[in-house]
1. Would you please name the residue that is surrounded by the fewest Cβ atoms within 10 Å (Cβ to Cβ), looking only at residues in segment B:65-97 that are in contact with a Leu (Cβ under 9 Å, 6 or more places away or on another chain) and of a type in the set (Gly, Ala, Ser)?
2. So B:Thr5 ticks every box in (1) of a type outside the set (D, E, K, R); (2) open to solvent by less than 40 Å² (accessible area, probe 1.4 Å); (3) free of Cβ contacts under 8 Å to residues at least 60 places away in the same chain but one. Which box is left unticked?
3. Check off (1) out of contact with any Phe, Trp or Tyr (no Cβ under 7 Å at 6 or more places or on another chain); (2) more than 9 Å from chain A (Cβ to nearest Cβ) for B:Trp204 and give me the number that stays unchecked.
4. Would you kindly identify the helices (runs of 4 or more DSSP H) lying entirely within segment B:137-199 that contain at least 3 residues that are among the acidic types (Asp, Glu) and within 14 Å of chain A (Cβ to nearest Cβ)?
5. Being away from chain A (no Cβ under 11 Å), of a type outside the set (A, V, I, L, M, F, W, C) and touching a residue at least 24 places away in the same chain (Cβ under 8 Å) is the filter here, so list the residues in segment B:225-248 that pass it.
6. State whether the residues of segment B:157-164 include one that is crowded, with 20+ Cβ neighbours inside 10 Å, in contact (Cβ under 8 Å) with a residue 24 or more places away in the chain and either among the acidic types (Asp, Glu) or in the same structural domain as B:Cys77 (by TED's automatic domain parsing) (or both).
7. Among the listed residues B:Asp109, B:Asp14, which satisfies the condition of being in a loop (DSSP other than H, G, I, E, B) and out of contact with any helix residue (DSSP H, G or I) (no Cβ under 7 Å at 6 or more places or on another chain)?
8. Cβ-Cβ below 6 Å, separation at least six or inter-chain, first residue in segment B:112-127 and over 15 Å from B:Thr148 (Cβ atoms) and touching a residue at least 60 places away in the same chain (Cβ under 8 Å), second of a type outside the set (Asp, Glu) and assigned to a loop (DSSP other than H, G, I, E, B): which pairs?
Amino acid sequence: MAKSNEPMVWSLFSAGGMIAALVTPVLILITGIAIPLGIVGADAIGFERAQAFAANPIGKLILLALVILPLWHGAHRFRFALIDLGLHGAKTALGATCYGFALICSVLAVVAVVQI
Amino acid sequence: MAEKTIEIEVLRYDPEKDAEPYFQTFTVPYVEHWVVLDALTYIKDEIDQSLTFRWSCHMAVCGSCGYNIDGEPHLGCKTFIRDFYPNKVRVEPLANFPIERDLVVVQDDFIEKFADIKPYIIRERHNTVDEGTYKQSRAELIKFKQYTMCINCLLCYSACPQYGLNPEFYGPASLSLAHRYNMDSRDEGREERMEVLAAEEGVWGCTFVGACSRACPKDVDPAGAIQQIKIAATSDWMKEKLMPWGKK
């Protein structure tokens, strides 16, 4: 019996799950609710500050982790949801499609963030 | 006063006679302290001797009397008919296994998988009698103790939607028992077991639905064990693929 290579995507899935559960809701709260409602001043995340954050190497890493890891989480979850709905035979094709999508978006995110 | 009764609806199937399974309803006395197994025993003794079901200890130790009761996997000896009264109780064989006859299922698939994960202590060398027993601390015992409570009743296999979809999957009880031996400080068989556990049909067949842990009548947490094996398999994979120079 061959050992599976699933740990590769499962580790990204787990890390993405942590971020999606713990960090993403906070970001939505701040950027989507608190700032529009004026609870937090809009200048807290104004253009200059946001750009300075994204230009910093550590800021870049944080942005990439926030974008890329939940992408892989979603891709893995979506693949297994479809398998559970009866597409067991298409397991490999679904893997190529879902992880391929996550990979392309990850590369695009890296390109975009590095250019800032 | 007329004696109180309760209806027990049982799935019947004799592959030599019946084209397909069918339900048969029996009316039995309602006794407050009766469990489903008592009602089945009454039917077999007093109404229909041909009714076939497995049972042995009547005290949730042997794991023989697992049935689907009202659509959920339960032990017949732990499920009281008073919890259903005055409604009828529907008893079916465990899901996800072929029916041998009536409530008896064919367990071969589980037995083979169970043997594959080597559910025993593996050591290169065992102590002689003179060398005495192996010492184990309380902390070492706690790591695996809950998994020793498994009675192989197969309720978790009946509850697991992944095993239902993909019979290749090793399933909850086998995997959590493998974990029980992997976590035992006296055992040296982890590497051998990981060959099966880390395969596609091993822990990776699980999507953490958690139905196994909910169904377990002995409060074992197979879903938790499987997630812990996933972490161990991931750490092994990283060491093997990303740091091959570190390989023994």
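1. It comes out as B:Gly76.
2. Against the list (1) of a type outside the set (D, E, K, R); (2) open to solvent by less than 40 Å² (accessible area, probe 1.4 Å); (3) free of Cβ contacts under 8 Å to residues at least 60 places away in the same chain, B:Thr5 comes up short only on (2).
3. (2)
4. In segment B:137-199, the matching helices (runs of 4 or more DSSP H) lie at B:190-197.
5. B:Gln228
6. Within segment B:157-164 (the criterion being crowded, with 20+ Cβ neighbours inside 10 Å, in contact (Cβ under 8 Å) with a residue 24 or more places away in the chain and either among the acidic types (Asp, Glu) or in the same structural domain as B:Cys77 (by TED's automatic domain parsing) (or both)), the answer is no, since none of the residues qualifies.
7. Every option except B:Asp14 fails the conditions.
8. B:Lys113/B:Tyr170; B:Lys118/B:Gly189; B:Ile122/B:Gly189
The values are calculated or read from the model by the stated rules, or taken from the named source; none is laboratory data. From a predicted model like this one, the values you see are computed outputs, not experimental measurements. Positions of Cβ are backbone-derived with ideal geometry, glycine not excepted, and every protein chain shown enters the neighbour counts. Areas reflect the complete protein model, heavy atoms only, side chains present, ligands, DNA and RNA absent. Shrake-Rupley method; radii C 1.70, N 1.55, O 1.52, S 1.80 Å.
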